[in-house]
Amino acid sequence: MTQRIAVITGASRGLGYAVAAELHARGLRVVLTARGAGDAVRAAARIGPDVRAEALDVADPVSVAEAAARIGPVDILVSNAGVLLDGGTDPLTVPLAKVEQTFAVNVLGSWRVAQAFVPAMVANGWGRVVFVSSATGSFTVGLYTGAPGYSLSKTAVNGLTTMLAKQTEGTGVLVNAVNPGLTRTRMMPHASAEPKDVAVGIADAATLSDDGPSGVFLRGSGTPLGW
């Protein structure tokens, strides 16, 4: 895996940063991306001088296209960028503008970066795609009504995972989603789990062996979680 290139979205802080650091520690060539170029540069420098920094706003088609052109083909995509804007609301009263913003980042943003990077993986015959999802979007666990837009966006991300896994079946590309659980980030400042510990499970999914699963929703520990 030492020559593999991994791109991580939303990686200037929190869980994305921890995943970038973990993959770098495993010997991968890491491309750390964030909406702001300065944020990406500063975060990459904290990990190591060989970490590449790029500006990439998943909600902006031009930004994604330009970043993908600069970066070129990659082997691993960790789609981590996401927002939680509607915590403490409910499905009957949540402002739908917040839901639209949430879907623009969490769903369309994830889809957009997949379209930008996965076709080259298919052409090269090898790739790993990991969507950072949430149990709040799992029908098995039960959708969370206290953040309805966020919850439903993660349901859509899970659906996207299964579709892309089917589309890439037999190509050498494995596509999975990971539920990191409650992790202490700016999004969830009171959670108990540390990003650096949770990042291990996401990095494991990003470096699966060729006989690994595809189209699976994994817990942070690597065990399957029902859709």
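Coordinate-derived values only; no laboratory data. In this text, all values refer to a predicted model and were calculated from it rather than measured experimentally. Glycine also receives a Cβ, built like all others from the backbone with ideal geometry; neighbour counts cover every protein chain displayed.
Brief remarks on what is shown
- Residues of segment 133-152 satisfying the condition of being of a type in the set (S, T, N, Q) and under 19 Å from the mean Cα position of the chain (by Cα): 133, 134, 136, 138, 151
- Among the residues of segment 4-54, those that are among the β-branched types (Val, Ile, Thr) and surrounded by fewer than 21 Cβ atoms within 10 Å (Cβ to Cβ) comprise 5, 41, 47.
- Members of segment 108-151 found to be in contact with a Ser or Thr (Cβ under 9 Å, 6 or more places away or on another chain), farther than 27 Å from residue 171 by Cα, buried (at least 20 other Cβ atoms within 10 Å of the Cβ) and hydrophobic (A, V, I, L, M, F, W, C), listed by number: 147
- Those residues of segment 207-220 which are out of contact with any Pro (no Cβ under 7 Å at 6 or more places or on another chain) and either β-branched (Val, Ile, Thr) or surrounded by 14 or more Cβ atoms within 10 Å (Cβ to Cβ) (or both), in sequence order: 207, 208, 212, 213, 214, 215, 219
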